[in-house]
Amino acid sequence: MLISDFVEMSFNLIQSLDSHQDRVWCVSWNPKGNLLASCSSDRTIKIWGKEGGIWICKSSFADQHNRTVRFVSWSPCGNFLAAASFDATVSIWDRRNGEFECIATLEGHENEVKSVAWSCSGNYLATCSRDKSVWIWQTEEEEYECASVLSKHTQDVKAVVWHPNVDIVASCSYDDTINLYKEDDDDWVCFDSLAGHTSTVWSISFNKSGDRIVSSSDDKTLKIWQCYEPKNMEGIKVKQNSSCWKCICTLAGYHLRPIYSVDWNHQNDLIASCSADDSIKIFKQDDVECFDKRNEPIFNLVGNLEKAHLQDINCLKWNPKDSSILASCSDDMSIKIWNFSL
């Protein structure tokens with residue numbers, strides 16, 4: 001048996017969800033891992049849950065946005081869902097009474113909003129847009145106020161992601177870079193900019209401890225970035241007593257087309273990526289002791305599923321409670337839930 005055959009056998013399709021009427025842009029698990037949100041060019045947001053052992057659409061709402069809904073993100077408490085749209089707005093949905101109710105609409109971006117994400121504390125929301133900006137919104141008693149507008153990128157900003165443990169947010173862009181921001185003296189500042197990709201950076205994801213980032217790009221590579229704190233043992237210089245990030249590994253030659261989404265599993269440390277080549281790849285760090293695992297890690301391909309969808313795969317997410325479950329979505333209008341086991 002070939003290695004490629006073995007890694008493909010590691011995937012088992014649990015169910016295909018086919019309710020959307022246009023390309024599906026994003027899937028997002030709630031913190032408990034028992035609900036999956038999806039959004040689409042059909043302008044709808046759908047909520048999926050298990051009933052009788054199968055996944056069904058429990059809620060669908062389509063009246064809030066008049067253009068594509070590009071991204072959905074759950075709050076850390078699981079009570080709220082944020083949705084970013086090409087109509088330049090972000091809607092906030094409350095599910096505490098069992099039904100989803102839109103309680104706020106965030107306006108201010110000049111163009112399509114591409115991504116939205118909640119901070120781990122739940123005190124902040126980040127949004128990004130084709131208008132080249134990242135906005136930080138402060139959340140307090142269900143009120144949302146813009147705390148900062150950050151214009152460090154020179155092109156369309158594709159995604160924002162928060163650090164898993166502290167209020168630091170990262171963004172990636174059509175300008176080929178990744179920026180990191182933190183609050184400083186009642187304002188938000190960019191404290192590091194990561195350059196290394198040679199084309200659009202589509203997606204970024206932190207590992208569980210937050211000391212690494214994986215990025216995926218139009219240049220068909222994945223890059224692993226390591227955080228170095230002041231007085232680090234490697235002697236790497238940092239600016240103004242702030243941490244800095246360095247690329248420590250590049251994964252190339254696995255995907256044949258742009259890599260649209262990447263997600264770092266916080267339970268078993270596996271990295272999943274998906275691409276316009278219609279495939280899903282899974283990577284695992286090699287634990288061989290003779291290598292410098294911190295500064296020169298080696299990642300191996302441990303899962304490879306060709307033709308996972310019929311068209312471009314736009315997003316994938318690991319289930320936060322079951323490390324073997326992965327959801328993906330595609331231009332083929334479907335969502336698929338997979339079981340992956342080594």
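The values are calculated or read from the model by the stated rules, or taken from the named source; none is laboratory data. Since we're looking at a predicted model, the values are computed, not measured. Cβ: placed from backbone, ideal geometry, glycine included. Neighbour counts: every protein chain shown. Note: areas computed on protein heavy atoms with side chains; ligands, DNA, RNA excluded. Shrake-Rupley method; radii C 1.70, N 1.55, O 1.52, S 1.80 Å.
May I ask you to give the solvent-accessible area per residue for the stretch 252-312, in square angstrom, as obtained with a 1.4 angstrom probe? Mind showing how you got there, number by number?
On the way: 2740 Å² over 61 residues.
With all protein chains present, the stretch 252-312 gives 45 Å² per residue.
Given a 1.4 angstrom probe, what's the average accessible area per residue across the stretch 77-160, in square angstrom?
Numbers: 3570 Å² over 84 residues.
In whole numbers, the stretch 77-160 has 42 Å² accessible per residue.
Please work out the C-alpha center-to-center distance from the stretch 185-209 to the stretch 96-162 and express it in whole Å.
So the separation of the two Cα centres works out to 16 Å.
Expected output is a single nm value to one decimal: the length gained when fully extending between residue 190 and residue 342, i.e. 0.36 nm times separation in residues minus the C-alpha distance. What is it?
Values: separation 152, 0.36 × 152 = 54.72 nm, distance 3.89 nm.
My answer for the length gained is 50.8 nm.
Which of the peptides 95-103, 219-227 is most tightly packed, and how do the rest follow, judged by the mean count of other Cβ atoms within 10 Å per residue?
Values: 95-103: 12.7, 219-227: 21.0.
Highest mean packing first, the order is 219-227, 95-103.
Determine the gain in length on full extension of the stretch residue 62-residue 79; use 0.36 nm per residue of separation and subtract their C-alpha separation, reporting nm with one decimal. It would help to have the intermediate numbers written out before the result.
Details: separation 17, 0.36 × 17 = 6.12 nm, distance 1.95 nm.
Gain on extension, residue 62 to residue 79, equals 4.2 nm.
Here are several values of Rg/Rh (Cα atoms, Kirkwood Rh): (i) 0.95; (ii) 1.00; (iii) 1.08. Which one was derived from the coordinates shown?
Of the labelled values, this structure produces (i).
Could you check how much of the accessible area of the stretch 241-292 is carbon and sulfur, as a whole percent, using a 1.4 Å probe?
On the way: 990 of 2120 Å².
Here it works out to 47 percent.
Could you calculate the contour length gain from residue 198 to residue 149, that is, 0.36 nm times the residue separation minus the distance between their Cα atoms, to one decimal place in nm?
Values: separation 49, 0.36 × 49 = 17.64 nm, distance 2.62 nm.
Stretched out fully, the residue 198 to residue 149 stretch lengthens by 15.0 nm.
Roughly how far apart, in whole Å, are the Cα centres of the stretch 214-255 and the stretch 21-87?
32 Å
Which net charge results when you count Lys and Arg as +1 and Asp and Glu as -1 among the other residues whose beta-carbon is under 12 Å from that of residue 299? Numbers along the way, then the final one.
Working: positive: 212, 223, 281, 284, 293; negative: 269, 286, 287, 296.
Here the count lands on +1.
If you take every residue apart from residue 331 with its C-beta less than 15 Å away from the C-beta of residue 331, what net charge results, scoring Lys and Arg +1 and Asp and Glu -1?
Values: positive: 23, 70, 257, 307, 336; negative: 18, 22, 42, 277, 278, 312, 332.
Once all neighbours under 15 Å are counted, the net charge is -2.
Between the DSSP loop rule and a limit of at most 15 other Cβ atoms within 10 Å, which trypsin sites (Lys or Arg not before Pro) in the stretch 236-312 are left?
Values: sites: 237, 239, 246, 281, 284, 293, 294, 307; in loops: 237, 239, 293, 294, 307.
Filter output for the stretch 236-312: 237, 239, 293, 294, 307.
Pairs of alpha-carbon atoms within less than 8 angstrom and 6+ residues apart define the contacts here; what relative contact order does the chain have, in percent? Show your work: numbers first, answer last.
Details: 993 pairs, mean separation 49.8, N = 342.
Computed over the chain, the figure is 15 percent.
I need the calculated FRET efficiency for the pair residue 242 and residue 34, taking r as the beta carbon distance and R₀ as 51 Å, to the nearest 0.05.
Working: r = 39 Å, r/R0 = 0.76.
Here the calculated transfer efficiency is 0.85.
For the stretch 68-193, give the percent of accessible area contributed by carbon and sulfur heavy atoms, probe 1.4 Å, rounded to a whole number.
On the way: 1850 of 5150 Å².
Here it works out to 36 percent.
Set the Förster radius R0 to 41 Å, insert the Cβ-Cβ distance between residue 250 and residue 103 as r into 1/(1 + (r/R0)^6), and round the FRET efficiency to 0.05.
Values: r = 43 Å, r/R0 = 1.05.
E between residue 250 and residue 103, to the nearest 0.05, is 0.45.
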